[in-house]
1. With labels modelled as points extended 7 Å from the Cα through the Cβ direction, what inter-label distance (nm, one decimal) is found for R20 paired with E105?
2. Can you give the percent of C-alpha pairs in region 145-184 whose distance is more than 15 Å?
3. Over all directions, how big on average is the projection of the convex hull of the alpha-carbon atoms in the chain, in square nanometres?
4. If the label point is 7 Å along Cα→Cβ of E175, which residues in region 109-126 have backbone nitrogen under 19 Å from it?
5. For region 99-107, what does the Karplus curve 6.51 cos²θ - 1.76 cosθ + 1.60, with θ = phi - 60°, yield as ³J(HN,Hα) per residue in whole Hz, taken in order and with x for Gly and Pro?
6. With springs only between Cα atoms under 10 Å apart, run a GNM on the chain and tell me which of D46, D101, D35 wobbles the most.
7. For I111, what residues show an amide H to amide H distance below 5 Å, using hydrogens built from the backbone and excluding near sequence neighbours?
8. Taking K and R as +1 and D and E as -1, what net charge do the other residues with C-beta under 11 Å from the C-beta of L93 add up to?
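We did not get these values from a lab; they are worked out from the coordinates using the rules stated. Nothing here was measured: the structure is a model prediction, and the numbers come from that model. All Cβ positions, glycine included, derive from the backbone under ideal geometry; neighbour counts span all protein chains shown.
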Amino acid sequence: MKIYTKKGDEGKTSLFGGNRVLKSDLRIESYGSIDELNSFVGLLRDQPIADVYKSTLISIQNELFTIGSHLATVKKESIANLPVINELAITFLEKEMDVMDEQLEPLTAFILPGGHIAVSYCHVARCVCRRAERAVVRLVGEEDEINALIIPYLNRLSDYFFMLSRSLSKHFGAEEIKWEPRKS
């Protein structure tokens with residue numbers, strides 16, 4: 001089977017279940033942002049970070065594929081055959097953040113992204129995650145068939161990337177530079 005089908009040459013694509021929609025459709029934007037996020041998670045996973053983080057990132061990538069499959073599916077009969085999204089994934093992220101939080105100094109100010117390439121990838125992933133979350137929120141406003149756990153998962157996931165950035169800053173000895181707002 002060839003990777004190119006030429007079916008999208010006129011600006012449309014197929015959802016799971018066969019529906020054809022414009023490539024600018026909010027549903028496509030939503031799962032496209034999830035796919036972009038998954039790619040950035042892969043870049044982050046390829047950094048010289050501890051295996052425990054890499055394992056967590058692989059778990060996250062699997063969850064993102066599941067979320068993408070749900071966002072790409074509109075027919076109820078097709079949704080029943082998709083992998084499950086459940087609260088365990090959200091709880092997993094919360095526990096991972098709690099472990100990192102115990103090892104970090106309390107946050108007293110906003111910090112600027114950067115300090116190490118792995119830290120910067122965390123911040124990029126956090127921002128892409130927030131964009132994906134905003135797209136899904138808009139999609140939920142238009143349709144009621146979206147799994148209700150996707151938004152809380154993405155919300156928690158962006159928090160996870162922030163905590164991971166702080167944890168990796170500590171690991172790599174990168175300075176967390178505080179935001180200094182201009183006073184005049």
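1. 6.0 nm
2. Working: 478 of 780 pairs.
In whole percent, the share of Cα-Cα pairs in region 145-184 beyond 15 Å is 61.
3. Numbers: hull surface 55.0 nm².
Average of the hull's projected areas for the chain equals 13.7 nm².
4. Taking a point 7 Å out along Cα→Cβ of E175, the residues of region 109-126 whose backbone N falls under 19 Å are 109-120.
5. 4, 5, 4, 5, 9, 10, 5, x, 7
6. In this elastic network of the chain, the residue with the biggest mean-square fluctuation among D46, D101, D35 is D46.
7. The answer is W179.
8. Working: positive: K95, R156; negative: E63, E87, E94, E96, D98, D159.
Every neighbour counted, the sum reads -4.
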